[in-house]
Structure formats: structure tokens, C-alpha cells
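Here the structure comes first, spelled out in C-alpha cells, and everything after it is commentary.
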Amino acid sequence: MPTHVAPRRDFHGLEVRRKQAARLFAAGRETQAAIARRLGVSRQSVMRWYQAWRAGGREALRAAGRAGRKPRLAPEQLARVDTALREGPRAHGFSTGLWTLPRVALVIKRVTGVKYHPGHVWRLLGALDWTLQRPAKRAKERNETAIRHWVTTRWPAVKKTLGGAGPGSFSRTRAASRSDRPSAARGPRAGRPPS
């Protein structure tokens, strides 16, 4: 399962910043732009905070609680789903011992009555600390004895070894010569060993 989780917001830190803004609004010595620079926020945020402060005072800038939609499953429902999943797919009438997202969605619907799209089930599984498990793909005809024999006896015989091919070359641009005999070419380099 993907483990990417969006970073959590520091709601307490945000509320502290809004309270600082309320104190600065009440003092009346700085502009909204100066307050935004001092608190490290945008001017639009300070403008929204100022309007809320004027309408409802300091209480209007208190934290609203958690952000986003409330979860559809309560913690006790999640615990029941986790217990059901740990029983295994075969216990829920599936033909194989492999969990898939549509199967998990069906179990969630059976256990809690809440319908989830299979594409969103991985978020719940991540919250339950379930991870992606892929079965090892092996051929049905696989012969472990023959594989072990090949690895221990045949492979060392056919494996290439360092230095087994002959003399090497220190040149990065020229391949090694198979012999150390001088070149038979004509010209100023004739008779010299290759470099």
C-alpha cells in the first residue's frame, strides 16, 4: 500500500498565530501588511482574521477543530474491520487467500454497512498499518532440486571470471590486444609494441 500521507497541520500553532494577530489588532499600531510580515502569513489571511476579529472579537479567531471531512468509520468500526481482515479472505467466502481492494471494500460493507470505493480502500488499510503484499510469482513447473544443482555445479563452470580472457589494456580508448607481439604495420610505429 502506498505510504504517502499528507503532513498534518499544526492547529495549535495556527491558533497561537491568530491570537498574536488579535493582540496586534487591538494595539492598533501596525498595518495589516506589517502584521502579515511579522507573523509570516499572507496579507489575505490577516485581512480575513481582521474581519473575523472585528465581527466576533478574540473568540472568533479560536481554532475550529479538525480540518476536512469527518471519517466515515469510527475507531471501533475500524477495529472490527481489522479483526475481520485478519481472519483472512477464505473466512469471508473468497476462493483464494489474497486480499484485493474490491474484496476489502466488500468486507468493510458487510462488517460496518459503510460502502467504500475500492480505489479509496488503500487509505483505510494504511490507517490500519496494512502494507502491500505481492505474492511471489513462480512457475508451477519449478523444480527446486534441479535449480539447486545448476547453481552449485553448472553455474561456476560457465561463469566468467576476472582476468580469464588474457592481457588487459590500460587505455580507455583502445581495446586490449590478444597478443603482446609488435604490430606488423608499416610506418613510424612499425615494430613497436602497441601502447
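Roughly speaking, what is the stretch gain from Ala136 to Lys115, that is 0.36 nm per residue apart minus the C-alpha to C-alpha distance, in nm to one decimal?
Result: 4.5 nm gained on full extension.
Can you give me the Kirkwood hydrodynamic radius for segment 6-85, using every pair of distinct Cα atoms, in Å to one decimal?
Its Kirkwood hydrodynamic radius stands at 14.9 Å.
Which value, in debye to the nearest 20, describes the size of the charge dipole of segment 1-144 about its Cα centre when Lys and Arg Cβ atoms bear +1, Asp and Glu Cβ atoms bear -1, and nothing else is charged?
It works out to roughly 480 debye.
If I stretch the segment between Arg90 and Val158 completely, what's the gain in nm (0.36 nm per residue apart, minus their alpha carbon distance), one decimal?
19.9 nm
Let me understand segment 114-157 better: what is its radius of gyration from the alpha carbons, and its Dmax, in angstrom?
Reported Rg and Dmax, both Å: 20.4, 61.
Which of the residue pairs Lys70/Lys109; Lys115/Lys137; Lys109/Lys140 have a Cα-Cα distance greater than 30 Å in the structure shown?
Cα-Cα > 30 Å for Lys115/Lys137; Lys109/Lys140; rest within.
Using a 1.4 Å probe on the protein heavy atoms, what percent of the accessible area of segment 13-87 belongs to carbon and sulfur?
It is 47 percent, rounded to a whole number.
If we restrict to alpha carbons, what Rg and Dmax does segment 19-62 come to, in Å?
Final numbers for Rg and Dmax: 9.2, 24 Å.
Rank His120, Pro135, Trp150 by how far each Cα sits towards the positive end of the charge dipole of segment 111-155 (+1 on Lys, Arg Cβ; -1 on Asp, Glu Cβ) and give me just the farthest.
Going by the Cα projections, it comes out as Trp150.
If we restrict to alpha carbons, what Rg and Dmax does segment 62-128 come to, in Å?
Reported Rg and Dmax, both Å: 13.5, 53.
The values are calculated or read from the model by the stated rules, or taken from the named source; none is laboratory data. Since the model is a prediction, treat every value here as computed from it, not as a measurement. Here the Cβ is made from the backbone with ideal geometry for all residues, glycine too, and neighbour counts use every protein chain on show. Surface areas here come from the heavy atoms of the whole protein model, side chains and all, with no ligands, DNA or RNA. Shrake-Rupley method; radii C 1.70, N 1.55, O 1.52, S 1.80 Å.
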